[in-house]
Structure formats: C-alpha cells, structure tokens
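Only one structure is covered here, and it is reproduced in the block below.
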C-alpha cells in the first residue's frame, strides 16, 4: 500500500483514530479564540506548554511524525507520545501512540511502519523500566514492543530493505541469564530448584546486587547518567522485524568488548553496518579522535576502516555509498573553542577527510539556544545528502540565527534555504529532497513544524504544519525582543537583545536584569525563552548578550577568551549595560545580574569586579576552578582553558576564581544549585561563596534543588523549574523593589515589622 497523496494521508488519520478510539480533548488542539484581552505570561504557564521534538519525514514526503511532550498530571515529570501530520498543511496532527513515554519515531524505508522507543512505567522498587523498541503498522493495529532486553534498547535504525532494525543496548549476557532465572522462578511460584536453593547456589549468590562504586578512572560520573558503570557498554544489536502479531524474533548482538559504539549506518545493500567508536581506555587524557568501524549485519569480527583525528558525529552515507559526511572540530592548535565544520571522506583505503566549510566562518550543525527545547524526546539534528550526491543539508549557528542550509559537496559553498529571525532546531528531508520539515522557534513561539519548499521556484517558502500552543498563546501578550548591536571597549562588535515589558513606556524608569548565557561557548539568539518573557512580564527590562567567547561569530571570536575566562567577556557585558542605560528607561540604581553554568561563572566574577548591581543570582556556577577540576563529571586535562592542572599552576586557577576575591563582594547574592549536578558540583561553586559570604556577614541565600542535574532550567522537574524562576525574581524583587521575602532571612520578620535589610 502506497501513501503519496493527500487522500492517503486522510486514510491514515482515520485509521489512527480507529486504533486509539477517541483522544481526550486535552490532547487535541483547540483552535477557538479565547475571549477577553490578552494577559502577561506567568511562570506557571510552563505547566501548559506543549513541546515538539524529533520530526521525521516519510520517505515519500507526504507526512511527518514527531514526538509531542507535555507535563504530567503531578507536574513532576513529562509525558511523550508519537503524532503524525500531513506535510501539505491545513490538517490537524493526529496522535498515533497511546503510551505515556513514546519517543524517537523512525520510518521504515518502505513507509509502512514506524519504529519508536517505548519507555516502561516504574517497577515495584520505583525505578523506571528501561525503554524497548516498538513497531507501529500504519495499516492499523496497536503498537507492538519487539525487544525485551533487561537494560533496554534505543536508537533504532531501519535496514534499507525494511526487514531489520539495528539498535543500541548495554545489556550483557549476565543480565539476560539473571532475567531468565527470575522468569523461571516466577513460573514455579517463586520456588527454587535444588541447585539455586542450595547455599552458595546461583540464586543465593545473586540475591544481593551491590550498589557500591569501585572507581579506577578519572572520569567516573556523568551529569545525566550519574555514576558510570564501566562493566556495561552500548553495543550494536539487530532484530528481524516480525511481520505478524504472533511472530516473535530474537535480537542478535553484533559487537562486544570494553568500548561503546554509536552512530549506526547501514550499507545500501544491508549487508554491513558502519559505526563510530573510540577504543581508548581513558580518552580524556588525549586530544579527541574517532574510529570508524564496520561489521557484518549477520555477525562476525568488526573491521576498522579509519581513524579520524577529531571527535566526529552525525555520520551519514552518500547515495552512491562511496562517501560519508560528518561534523567535526579540528584539534590542532588546541583551543578552548574549535568551530564545528562539515567534512566528507571517501570510503576507500588511506582516504583522508576533507573540510568542506573551512572557508565558512560559522558553526555547522549548531544552533542558538533558549530554555524551552523539548525537555524529553529530542535528538541532535543530523545531516542529509541530496539524492544526486552533489550537496548536503545542514543547519548553522550564525549571528543569533539558525537557518537550514545547502552545502555544495565539491566547493563547500553554503546557501541559506530558510530566512528570517528564527532558529531551526531540528529538521528532516524527504528521500527526493523536495520537501523538508523543520522545527522552528522564535522569541514568541516555542517550536512548531513547518514544511519547507526545496524547489527553485519556491525555495525556502514555509508552510506551517502545527500550532501546538495556539490556545495558550491566544491568551498571552508576548513581545519580540529588540536587537542591539554595539562596539565593546576595544572596538569588537557585540550583538545582544533587549526584552521589554509588554506594556513598556519609554518615559518610565525600569529595573534591569542582565541575564548571562552559559557555555561559555554557546549563543543566545532569535529563539523562545520563557525566562526572558516572564521576567519582562514582571516589570523588568531583560538584557541578554553574546559576549566574546560566544558561538556563531567566527572561530577567532569564540576562542579569544582562551586562558582569559572570565575576563574581557565581563567587560563586553558591562559596556552592554551602559548602552542600555544611555536609552534613559532603566534605573541605574536597580540593576540585577544572573546566569547559569558559564553564566554563573560570570555572575560570580561580575560582583567581585563592581558594586553597580543591587542583587545577583548565580546558578549552577563555578566559583573555585581548582576545586571544579577535581570534582566535575568531565575535567579538562588537556590545556583547553588552563595550560596546566591546578597542582602545577595554582596561581592561574586562583586568579580566575571568584572565591579568591570574595571579600570584594558586597552585592546581595543568591545561589541556585542542583544536588545531582555533576557538571558544576555545588561544593565547587555557590556553596563555597555562600559559606564565605555568611562568614563575612554579607546578605546571601542558597536554594538547593533535590534530584536536579545541570539541566534544571531546561528539563528539570516542572515544579522545580517554576520554583527556580520564583526564587530568582523573588530575590530581585526583595533587593531592587523592596518586596518583603521573609524566607530569605535568618530570622523571618514578624508581621508589622520591617526587615533591617530593606
């Protein structure tokens, strides 16, 4: 059955409705306008946000599937489901799966089925069950889970003939044997065999699963995964796709060993798979490199094809099967920031990669960022070859914007396809490259899908496919920011944005919040940011800037802060504040500063250099570089930011650490920290400054979020994201606006009394 017409799309939509019966009204889009005047956005509007992630166009280009994300009923987590929409526009999206944790949909090459990952509910111990690969037939019927591996399965990749799926799993043979023993015991009502019941037998030995960590490596934990298990590695498996509901299949493990694999690619004849790996025990001591291997799809010894002298990703195979393309950043000279480029390489002995975009001074495969990319279900944008192999499609981070581009595979010439003040966060290209579907965000749109015409006559024309937040947005008064460009102290051009209150009056004097991005190699831009819109709605002018070190302005602009961070980037920010003050609508006595991660570093540094700010909130920061070097989930052993480790050059670390200059801090400071943040552990950041400021009897407070990692502001628990916002502005309201907040006092003031801090 072929699906290549709008009529066929409507058939699929009907089938989906039949499968799922009636979708609750809360899941459907309400296009009716809301009566009454629009209101200002609130922090709790986040509970009603709808996010879209991971768009995937069907092989014939007529439809796209995507992951839809919402907060759960308790507002402590997120739910994901798979939806479908016609690329012709004008038809509402339809829900395809009824699970609460379905994500990462992938079309079969014949367009008849969709593979996706279905995460399980929590087990009896409260732990989430691992995700498994599921299949949904577009001919009708329920989705069917086809894997049952103890440690789950993910990243499904269809074979070109649509008969098999390759995927990744960290399951070991011991895991399978243990799971089988449990199933056998359950069959006999929990009774053990004589062998397993005997003292020292297999069951007795396996009753206790140790939770201690025996650590032998310098990098032993990860911000997202927690403590790493070096006995487990992500390996490649394949499974035959069952054709009927009563047919079963057993997955086959293709790779093994003490190293991880990823970025699976099938050869066009489906006989082999390419993949990326790095077979070095402790790779963080060396400059990045990547090995490309291949393995037979029926099993056997993996063969090494090439070693690439850089970290690479987004591997993709050319239509003729003779070349690969990927993103990578050169490793020499050593920099704190090396711009990602687009590379191609022949699949031939002794072939060398060729940098297509060496003469294009922007960041390939990268995007500007806000605080509302989908908190679950997202994936990194990939690369697509044109059908004739003469070009590639990519995105690029350039001066606050992220367009979809075409790159000539011979000359490297880059041509922008999409235009305007927006950010393409993800995209997918149909097999014939006539249709692209992009996930687009702007300062007044979280992220929706647009079909992009790719032909010469209508090149770049965008047709809106989704309006996921239409009902909510019809109620809100959202204002685009104002772009600001200025020259810094040394003449370097700097770009920034000013978010004004919805009812802005240029004759009034407003308090200002300087909001500093992290990274430090990242970039603000024309993308939605709830935090900025909400702060402005609370009556603040919000200034956000891309100082030197930011991405999207060329290699030299990004790397200029190497061995000088924090430093002149702080001066860029202060010049930006002065530029806004010249406009006359900001009260110079009511300035606040905040930032997270690298922005926390600069917030800490700022208040050691000036007393011009009435209050500061430092989030997920680093106040002591030496302490961070010893405790972070990744440590820059190579001289990217520092020329030597702290025990060899302690002065350099001390001179760039805010804790060294803590006695100069007179600004009231709040610190926002996550207990599970291994990227910037709290005891290397705000906790040290908090303790020192308490000793100095300076006004300070610390807000610690249980269970939260470094991703608190972007994908933390919904309630925690709200409480984070409330405390940031609560602290500023207290010190800039005189609003009482007794929770920030050692002895909360009694009703009718006035705090000594006011």
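Say whether the condition of being crowded, with 22+ Cβ neighbours inside 10 Å, assigned to a loop (DSSP other than H, G, I, E, B) and at pLDDT 95 or above is met by at least one residue in region 723-730.
no
Could you pull out the residue among 580, 593, 601 that is assigned to a helix (DSSP H, G or I), touching a residue at least 60 places away in the same chain (Cβ under 8 Å) and over 30 Å from residue 215 (Cβ atoms)?
580
Just for region 716-746: of the residues that are free of Cβ contacts under 8 Å to residues at least 40 places away in the same chain and in contact with a helix residue (DSSP H, G or I) (Cβ under 7 Å, 6 or more places away or on another chain), which one is nearest to residue 672 (Cα to Cα)?
720
Determine if region 660-671 includes at least one residue that is surrounded by fewer than 23 Cβ atoms within 10 Å (Cβ to Cβ) and under 28 Å from residue 226 (Cα atoms).
no
Which one of the conditions (1) assigned to a loop (DSSP other than H, G, I, E, B); (2) on the phi < 0 side of the Ramachandran plot; (3) in contact (Cβ under 8 Å) with a residue 24 or more places away in the chain; (4) under 30 Å from the mean Cα position of the chain (by Cα) does residue 257 fail to meet, given that it meets all the rest?
So the condition that residue 257 fails would be (2).
Can you name the residue in region 384-407 that is without any contact (Cβ under 8 Å) to a residue 24 or more places away in the chain and assigned to a strand (DSSP E or B) and is also nearest to the chain's Cα centre (by Cα) among such residues?
Among them, the one singled out is 405.
On the basis of being touching a residue at least 12 places away in the same chain (Cβ under 8 Å), closer than 26 Å to residue 561 by Cα and either in contact with a strand residue (DSSP E or B) (Cβ under 7 Å, 6 or more places away or on another chain) or in a strand (DSSP E or B) (or both), does residue 310 make the cut?
So residue 310 passes the test.
May I ask you to list the residues in region 680-706 that are farther than 22 Å from residue 747 by Cβ, free of Cβ contacts under 8 Å to residues at least 40 places away in the same chain and touching a helix residue (DSSP H, G or I) at 6+ places or on another chain (Cβ under 6 Å)?
Hit for region 680-706 is 705, nothing else.
Considering only residues that are touching a strand residue (DSSP E or B) at 6+ places or on another chain (Cβ under 6 Å) and at pLDDT 95 or above, look in region 628-674 and name the one that is farthest from residue 712 (Cα to Cα).
Among those residues, the one meeting the criterion is 667.
Starting from residues that are assigned to a loop (DSSP other than H, G, I, E, B) and touching a helix residue (DSSP H, G or I) at 6+ places or on another chain (Cβ under 6 Å), keep the ones in region 77-101 and report whichever is farthest from residue 454 (Cα to Cα).
The selected residue is 98.
When residue 338 is evaluated against the numbered criteria (1) surrounded by 20 or more Cβ atoms within 10 Å (Cβ to Cβ); (2) under 19 Å from the mean Cα position of the chain (by Cα); (3) not in a strand (DSSP E or B), which criterion, by number, is the only one it fails?
(2)
Does residue 654 qualify as being surrounded by fewer than 22 Cβ atoms within 10 Å (Cβ to Cβ), outside any loop (DSSP other than H, G, I, E, B) and free of Cβ contacts under 8 Å to residues at least 40 places away in the same chain?
Criteria met by residue 654.
Taking region 292-304 on its own, how many of its residues are more than 15 Å from residue 343 (Cβ to Cβ) and not in a loop (DSSP other than H, G, I, E, B)?
Here the count works out to 6.
Given the structure, is residue 513 crowded, with 24+ Cβ neighbours inside 10 Å and either free of Cβ contacts under 8 Å to residues at least 24 places away in the same chain or farther than 19 Å from residue 400 by Cβ (or both)?
yes
Could you please find all residues in region 435-467 being at pLDDT below 95, surrounded by fewer than 18 Cβ atoms within 10 Å (Cβ to Cβ), in contact with a strand residue (DSSP E or B) (Cβ under 8 Å, 6 or more places away or on another chain) and outside any strand (DSSP E or B)?
Answer for region 435-467, where residues must be at pLDDT below 95, surrounded by fewer than 18 Cβ atoms within 10 Å (Cβ to Cβ), in contact with a strand residue (DSSP E or B) (Cβ under 8 Å, 6 or more places away or on another chain) and outside any strand (DSSP E or B): 459, 460, 461.
Being within 28 Å of residue 333 (Cα to Cα), within 23 Å of the chain's Cα centre (by Cα) and crowded, with 24+ Cβ neighbours inside 10 Å, is that true of even one residue in region 581-596?
Within region 581-596, not a single residue is within 28 Å of residue 333 (Cα to Cα), within 23 Å of the chain's Cα centre (by Cα) and crowded, with 24+ Cβ neighbours inside 10 Å.
Tell me the residue from 190, 226 that is at positive phi, modelled with pLDDT of 85 or more and surrounded by fewer than 15 Cβ atoms within 10 Å (Cβ to Cβ), please.
Result: 226 is the single residue among 190, 226 that is at positive phi, modelled with pLDDT of 85 or more and surrounded by fewer than 15 Cβ atoms within 10 Å (Cβ to Cβ).
The values are calculated or read from the model by the stated rules, or taken from the named source; none is laboratory data. None of the values given here were measured: they were computed from a predicted structure. No Cβ is skipped: glycine too gets one built from the backbone with ideal geometry, and neighbour counts run over all protein chains shown.
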